[in-house]
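What follows is a single structure, written as structure tokens, with notes after it.
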Amino acid sequence: MGRKQKQNKFLNAVLVYILIASSGIPFFYIGSASNLYFPLIFSAAAFFFKISQNGFFIDFKFSKFWRYCIIVLIVITFQITFTGIVPLILMTGFFKRFLIAFFVLYVVRENFFERYVRVIYVIGIISFLVHASTFLSPNVLNFYVNSIVPHIPNQPDNPFHFNYQIIIHCFWQRDFLRNSGPFWEPGANAGFTIIALVFNLFLFKQSLFSKKNIVFFIIILSTISTAGYFTVLLLVIFNATKNSSVIFRMIFITVLTFIFVLAVQNLDVLGLKIVDQYENIASGNAHTSRFASAELDFETFSKYPLSGYSTIDLRNGDLGDDDFRTNGIFILLATYGGIFFMFYFLSIYGGFRDFYRHLNNSDQKGGALISVFFVLILLSIGFSENYFIRPLFIGFSMLPMFIPRVKKALARQNRPPVAMRQPVNAI
């Protein structure tokens, strides 16, 4: 590998880390960093350096870009028309996150998926070692909190749990023995790691028990996240049965479901958590139940189904305790409306499908089932975390803009003519 290639790989890794960090690592988006200026400036610098070398028109689908802009413009128009609110604060924040994702994906392109897996692998191990070291002695935890935390700005302003961060690790819910990794809470750590697991399994065809995937499973287990465990269960079932007979699928699903039910019944931390979520629906308290949060947001959506409703503009940027929400799916639906919601996830489906075909030299029929499953995985982890307004996830909805056209054409040219291809039943 030449020096320039190494430099490009390193730059790609840094950019993907910035995209991840601006989406989930508290240091980069809370306090004085809430404007996301550093990630925006750095990614913009990389973008302009890229186009100064290669020009702007290489492998970029302007039609997809303008379609995205038109959908956002429709949302803005509908919000002004149906709610009487000009969503200035909402859209300013959205465009910052949009630009971070756009700049990073423009530079990184198809290398994004491999770099994402590697970055999550590295930061996951580092953070897990910090988490594990706190169990060795109370003095270790005291050292982090008393000697390192005071020198790290942008500490979370939240009185609940053990809430400190040192960039490479966040100690939120360390008092419950849960591993948040570098992210804002344990469930988010599970979510970001599950996405890396999906990429590694389906885009790069790695074994379920490859070295990286084993590390990912250990990290997810350490989060003690109900949504994380449930999603991994779906992932294992799908991976094991996607090419299997119906009978094998039914047996496998039954066995894993039985194991999951036993775990819920015998592990208090899982069983009580699920019971509490259901019991708190009636309270209407979005702090204590993702279901209550979904109910409140669905009420908003039912009033403004096309436009959504910008609560942050209604409050002039000062959201109160009653505005707190925890269900990422219904936050997106209530804030941006049904049109954008459908466009968002259809774009993720289409982009992931086309990149799957590109990375695996698949034909036009390949990747559809995998892509539907990827969207279901995002919805599963998004039920308990507010992911979908963050730069990384906005980036997923922008993937159709960056499908490599030239390489796909070359791949099709290199395929043998139909008459020369070996019949399937002869293989």
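The values are calculated or read from the model by the stated rules, or taken from the named source; none is laboratory data. Computed from a prediction, not measured in an experiment: that's the story for all the values here. Note that each Cβ is placed from the backbone with ideal geometry, even for glycine, and that neighbours are counted across all protein chains shown. Protein only, heavy atoms only, side chains kept; ligands, DNA and RNA dropped before computing areas. Shrake-Rupley method; radii C 1.70, N 1.55, O 1.52, S 1.80 Å.
How far apart, in nm, are the 7 Å Cα→Cβ label points at Phe217 and Lys303?
So the two model labels end up 4.8 nm from each other.
If the chain between Ser137 and Phe209 were fully stretched, how many nm would it gain, using 0.36 nm times the residue separation less the Cα-Cα distance?
Residue separation times 0.36 nm, minus the Cα-Cα distance, leaves 22.8 nm.
At 7 Å along the Cα-to-beta-carbon direction for both Phe176 and Leu234, put a label point, then send me their distance in nm to one decimal.
For Phe176 paired with Leu234, the spin-label model returns 2.0 nm.
Over all Cα pairs of the stretch 120-204, how is the pair count split among 10 Å bins, expressed in % and running from 0 up to the last occupied bin?
With a bin width of 10 Å, the distribution comes to 18, 49, 25, 8, 1.
Among 142-148, 327-333, 4-10, 384-390, how do they line up from the highest to the lowest mean number of other beta-carbon atoms within 10 Å?
Values: 142-148: 13.1, 327-333: 24.7, 4-10: 11.3, 384-390: 22.6.
For the peptides 142-148, 327-333, 4-10, 384-390, the packing ranking is 327-333, 384-390, 142-148, 4-10.
Sum up the charges of everything whose Cβ sits under 11 Å from the Cβ of Leu399, counting Lys and Arg as +1 and Asp and Glu as -1, but leave Leu399 out.
Values: positive: Lys61, Lys64, Arg109, Arg353; negative: Glu110, Asp354.
Summing Lys and Arg as +1 and Asp and Glu as -1 gives +2.
Expressed in nm to one decimal, what extension gain is obtained for the pair Ala45 and Thr81 from 0.36 nm per residue of sequence separation less their Cα-Cα distance? List each step's numbers first, then the result.
Values: separation 36, 0.36 × 36 = 12.96 nm, distance 3.71 nm.
That pair, Ala45 and Thr81, stretches by 9.3 nm at full extension.
Taking all protein chains in place and a 1.4 Å probe, what share, in percent, of the accessible surface of the stretch 25-155 do carbon and sulfur account for? Numbers along the way, then the final one.
Details: 4640 of 6480 Å².
On the stretch 25-155, the fraction of accessible area on carbon and sulfur atoms equals 72 percent.
At 1.4 Å probe size, with every protein chain present, just tell me what the per residue accessible area of the stretch 326-384 comes to in Å².
That works out to 33 Å² for each residue.
Ordering Lys211, Lys205, Lys61 by how much accessible area each has at a 1.4 Å probe, largest first, what is the list?
Details: Lys211 145, Lys205 115, Lys61 45 Å².
Putting Lys211, Lys205, Lys61 in descending order of accessible area: Lys211, Lys205, Lys61.
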